[in-house]
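Right, one structure below, let's go through it.
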2 protein chains.
Amino acid sequence: MPDARRIHSGSALPREAFPRADAARVERAAIALARELGDSKVILEPEALVAHAGDESEQDPVLPDLAVLASSPEDVATTLRLASLHEVPVTPRAAGTGKSGGAVPVCGGIALSVLGMRQIEEIDVREQLAVVGPGVILKDLHDAVEAEGLFYPPDPNSLASCALGGNLAENAGGPRAFKYGVTRDYTLGLEVVTASGERLAVGRRTRKGVTGYDLTALLVGSEGTLAVTTRATVRLLRRPEATVTLLAYFSGIVDAMRAVEAIVASGLVPRCIEVLDERCVTAIRGEGGPLDDRAAALVILECDGSTSEVERQMAEVGERATDGGALEVLVAQSAAQRERLWEARRQLSYVTRRMARWKISEDVVVPRMQLAKLVGEVRRIGEREGVTMLSYGHAGDGNLHVNLLWDDEEHVPRVERALDALFRSVVALGGTLSGEHGIGTSKAQYLPLEQGDGLIELQRRMKAAFDPRGILNPGKIFPRGRHRSC
Amino acid sequence: MPDARRIHSGSALPREAFPRADAARVERAAIALARELGDSKVILEPEALVAHAGDESEQDPVLPDLAVLASSPEDVATTLRLASLHEVPVTPRAAGTGKSGGAVPVCGGIALSVLGMRQIEEIDVREQLAVVGPGVILKDLHDAVEAEGLFYPPDPNSLASCALGGNLAENAGGPRAFKYGVTRDYTLGLEVVTASGERLAVGRRTRKGVTGYDLTALLVGSEGTLAVTTRATVRLLRRPEATVTLLAYFSGIVDAMRAVEAIVASGLVPRCIEVLDERCVTAIRGEGGPLDDRAAALVILECDGSTSEVERQMAEVGERATDGGALEVLVAQSAAQRERLWEARRQLSYVTRRMARWKISEDVVVPRMQLAKLVGEVRRIGEREGVTMLSYGHAGDGNLHVNLLWDDEEHVPRVERALDALFRSVVALGGTLSGEHGIGTSKAQYLPLEQGDGLIELQRRMKAAFDPRGILNPGKIFPRGRHRSC
């Protein structure tokens, strides 16, 4: 009765059920795993498996048949070797904060948790690098390296709860990506286990290196479909001497984007340029946030660097924002003021979740000059389909988190039409389906909107080169079709 | 008589001859190509083929059977489709300035020149990107984007003659990589043709994107073995407002590296940190360069940024260099002074070539803190084997160009022992065989020193996923053995 193990609590969007892993194979794998790893690392009780069933996307959680709590690379290798032998699907997971279903074991089988490997093994101040386990919580890494005067830039919204393993799998970004780039840009080397259980070290500890194919760059962002990371060497920067945050109110998104453009065109590189549309501003105001009544769009700008440089930048950014039509520009300089400001931004994801019974959070990217056009398009689509849609995100990168909200289950067909229209607009504007959340199960069916058959087939062949039996994180990235896995 | 087509003019190192492409197949492919592309694009005369036989490495040039002068993506697609059909090897090439044999058609067959696709198709100032053909000369791109107030950081030594297609194939770096990174860091998207002749667009125009596997990152640095690039979208920065170059003399390499370390540890990020050892200093002095008599090591430092920032950095860098034991620190501020200084550095490659009958230029990387140790190791190896060895390179990145020089053909076994010892030292110090030149044919036999069998086998499977018939740039990257291609 595989369907009985499906938990219905997601977005109300109809998701195709995946074929369930073969029960007899699962049983053989479970016995072998318990024998080799010990009973304490192999979880079989349904109540305990719930913690390994979902993520923070709208993908319905699915109970795995068992979970393995790996505490070492050897455990991961043993799990994959036995899963491969018995042909049982394995879904790797770290903190489960992903936004595209990547950690959901849609075919059942084994959920392989690497959260126990949470050691910061090394911080080398002189070489400016750290060696970390995949279960390290991002905030812990931030704190540890900052205490040494160093800096790890990626900062996804979930930084207090997400783990490095997930960040690597999804190539996590965050507001600071505008200046500093994303997780891939800071990953020097990886130790991974392939689907057959083979341990490989790819990449390097050095700043540069072109020996062989860049598997490190390929594996980052491969959503756990090619290999499981057991250790990462990440590049660090020096911690910036000073940081200042500005908040600018605008009477509308078009003004806001014009000001952003003026700032970027002048050669200034704030580390963050976040934009929030009118509905977001209303939502924050509804939560009691102290916002100017006239504000119908909001831009958060953050500059860092040497103290003198930051002061110069802050003055110039403020000037450009005002020239660009800002109603008001506020400056947060103390750490506490800055934290309050960012907290409001981070809460947005949760605030909007409370605005309706169901919510889908999208993560599209367009060339920056097309962002105002996309926001207008979002408004038109929402009006046409009668779906509440709001937008916020990383304006500097053209990366917009479009939220769709609805209360009535009957509205699902409208939501689906709106999503389809959104993705088509994004692709028509020269954009891409995902900026930082990944494709997972959430957007797999839309992949052919952006990529042709030839490109998708090539990626399937690459997947097969890593994982010939197709046991690793099946059901992710690729649209269903004649290539059924599980 | 395939061996008759081999040209002997290289490094005197014995290189294994590759099996030559099948003559009957080549003939069928040549006829089909001439029919579809026209005679003017298909070169068959040996005198004209010499220009497509070699690169700037020590790999002996090898005459291809024919060359195709592609002037469009369609030409490239036609060539690969027909080469695939007739199973004839294809070696893509752009300007042929590579340093590892990547563009040498070691099996004969078709040399596919993309140098005719030299159009800068677009410079989008607002999105800060350019769209370029693979035949664009790097210096032309630099000049064109700088005229628009923009900046493309990669700057390999050969920038006046190398082309973007080769830069992409080898993931070219250059002195500015310390601050700005390498070619991969600036490549947003690629249009490529696969071995079967299929045209694919990978990557994006947007700053961010995580849709599917990052084939762009994988293809950059894949040395023309996976696909042929026909168009690239590269990310640009704003041109820095000001640049200043400092030259610091030291009494030895250990002092020089200690000063470099003090500069980096203080949080300063010069865009370049170049180091030259005593033998290099002697060589430049021999060319009439005005160098302090006491100098036995030399560091070139370059800072850029806003005018005020650069002045602050220059003062601090100079101070740290002096504290670190610099005998003298000179500052070049005018463009002409700076150009003269860099010209001396760029000439080093040619100056050293004149120092002996044969030269091999290596390109190893170690963690920066191990660089002084590596330079010492190089000296010991040279003394032990009686081979002249000198070192210069990108100290900030730990990337050292080690040159081996000899006049007597009898010394070849010594040179081979010295090379082997060098690579073993590099790997033992936690380094990598190549920082920017690639593996090509020059270092293919050494790949197993750094990478295990499993990792090499995985890369061969990836190669097969792209190029199942093995026609694309055979003989490169992978060590010879049971997997013979051509």
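The values are calculated or read from the model by the stated rules, or taken from the named source; none is laboratory data. All values reported here derive from a predicted model rather than from experimental measurement. All Cβ positions, even for glycine, are placed from backbone atoms using ideal geometry, and neighbour counts span all protein chains on display. In case anyone asks, the SASA skips ligands and DNA or RNA and just uses the protein heavy atoms, side chains included. Shrake-Rupley method; radii C 1.70, N 1.55, O 1.52, S 1.80 Å.
Scanning the stretch A:226-253 for residues that are within 27 Å of A:Gln459 (Cβ to Cβ) and either β-branched (Val, Ile, Thr) or assigned to a loop (DSSP other than H, G, I, E, B) (or both) yields A:Leu226, A:Val228, A:Thr229, A:Thr230, A:Thr233, A:Val234. Mind checking whether some residue in the stretch B:385-395 is crowded, with 22+ Cβ neighbours inside 10 Å, assigned to a loop (DSSP other than H, G, I, E, B), touching a residue at least 60 places away in the same chain (Cβ under 8 Å) and more than 10 Å from chain A (Cβ to nearest Cβ)? No, every residue in the stretch B:385-395 fails to be crowded, with 22+ Cβ neighbours inside 10 Å, assigned to a loop (DSSP other than H, G, I, E, B), touching a residue at least 60 places away in the same chain (Cβ under 8 Å) and more than 10 Å from chain A (Cβ to nearest Cβ). Screening the stretch B:119-135 for residues that are within 14 Å of chain A (Cβ to nearest Cβ) and not aliphatic (A, V, I, L, M) and picking the one that is nearest to A:Ser266 (Cα to Cα) gives B:Arg126.
Collect the residues in the stretch A:254-299 that are under 30 Å from B:Ser306 (Cα atoms), assigned to a loop (DSSP other than H, G, I, E, B) and not polar (S, T, N, Q), keeping them in residue-number order. Of everything in the stretch A:254-299, those that are under 30 Å from B:Ser306 (Cα atoms), assigned to a loop (DSSP other than H, G, I, E, B) and not polar (S, T, N, Q) turn out to be A:Gly267, A:Leu268, A:Val269, A:Pro270, A:Arg271. At least 3 residues being over 17 Å from the mean Cα position of the chain (by Cα) is the threshold, and among the strands (runs of 3 or more DSSP E) wholly inside the stretch A:56-118 those reaching it are A:66-69, A:110-113. Within the stretch B:431-485, if we keep just the residues that are among the hydroxyl-bearing types (Ser, Thr, Tyr) and part of a loop (DSSP other than H, G, I, E, B), the residue that is surrounded by the fewest Cβ atoms within 10 Å (Cβ to Cβ) turns out to be B:Ser485.
For A:Ser222, indicate whether it is more than 9 Å from chain B (Cβ to nearest Cβ), in contact (Cβ under 8 Å) with a residue 12 or more places away in the chain and assigned to a loop (DSSP other than H, G, I, E, B). So A:Ser222 fails the test. Could you check the stretch B:198-226 and list, in sequence order, the residues that are open to solvent by 20 Å² or more (accessible area, probe 1.4 Å) and closer than 23 Å to A:Asp453 by Cα? Within the stretch B:198-226, B:Glu198, B:Arg199, B:Ala201, B:Gly203, B:Arg204, B:Arg205, B:Asp214 meet the criteria. Criterion first (part of a strand (DSSP E or B) and open to solvent by less than 20 Å² (accessible area, probe 1.4 Å)) does A:Leu188 satisfy it? Yes.
Of note, A:Leu422 satisfies the criterion of being in the same structural domain as A:Pro367 (by TED's automatic domain parsing) and not β-branched (Val, Ile, Thr).
Within the option set A:Thr230, A:Thr194, being under 30 Å from A:Ala83 (Cβ atoms) and more than 9 Å from every other protein chain (Cβ to nearest Cβ) holds for one residue only, A:Thr230. Residue check: is B:Val210 closer than 30 Å to B:Pro468 by Cβ, at pLDDT 95 or above and under 25 Å from the mean Cα position of the chain (by Cα)? Judged against the criteria, B:Val210 is not a match. Across the stretch B:467-486, what is the total count of residues that are at pLDDT 95 or above and either within 7 Å of chain A (Cβ to nearest Cβ) or touching a Phe, Trp or Tyr at 6+ places or on another chain (Cβ under 7 Å) (or both)? Selection size over the stretch B:467-486: 2. For B:Val275, the test of being facing chain A (nearest Cβ under 8 Å), β-branched (Val, Ile, Thr) and more than 30 Å from B:Gly470 (Cα to Cα) is failed. Of all residues in the stretch B:83-101, those that are touching a residue at least 60 places away in the same chain (Cβ under 8 Å) and open to solvent by 20 Å² or more (accessible area, probe 1.4 Å) have Cβ atoms under 6 Å from Cβ atoms of residues that are of a type in the set (Lys, Arg) and not in a loop (DSSP other than H, G, I, E, B), 6 or more apart or on another chain, in B:His86/B:Arg25; B:His86/B:Arg28; B:Glu87/B:Arg25.
Each row is one residue, and each column tells you yes or no for (1) within 14 Å of chain B (Cβ to nearest Cβ); (2) part of a helix (DSSP H, G or I).
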| site | (1), (2) |
| --- | --- |
| A:Met314 | yes, yes |
| A:Thr322 | no, yes |
| A:Leu330 | no, no |
| A:Gln337 | no, yes |
| A:Arg345 | no, yes |
| A:Tyr350 | no, yes |
| A:Gly382 | no, yes |
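Among the residues of the stretch A:402-425, count how many are in contact with an Asp or Glu (Cβ under 8 Å, 6 or more places away or on another chain), of a type outside the set (Lys, Arg) and open to solvent by 10 Å² or more (accessible area, probe 1.4 Å). The total comes to 2.
Every residue, every condition in (1) hydroxyl-bearing (Ser, Thr, Tyr); (2) at pLDDT 95 or above; (3) on the phi > 0 side of the Ramachandran plot, yes or no:
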site	(1), (2), (3)
A:Pro19	no, no, no
A:Ser40	yes, yes, no
A:Leu44	no, yes, no
A:Gly54	no, yes, no
A:Gln59	no, no, no
A:His86	no, yes, no
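State yes or no: is A:Ala428 of a type in the set (A, V, I, L, M, F, W, C), open to solvent by 40 Å² or more (accessible area, probe 1.4 Å) and more than 23 Å from A:Thr225 (Cβ to Cβ)? Yes.
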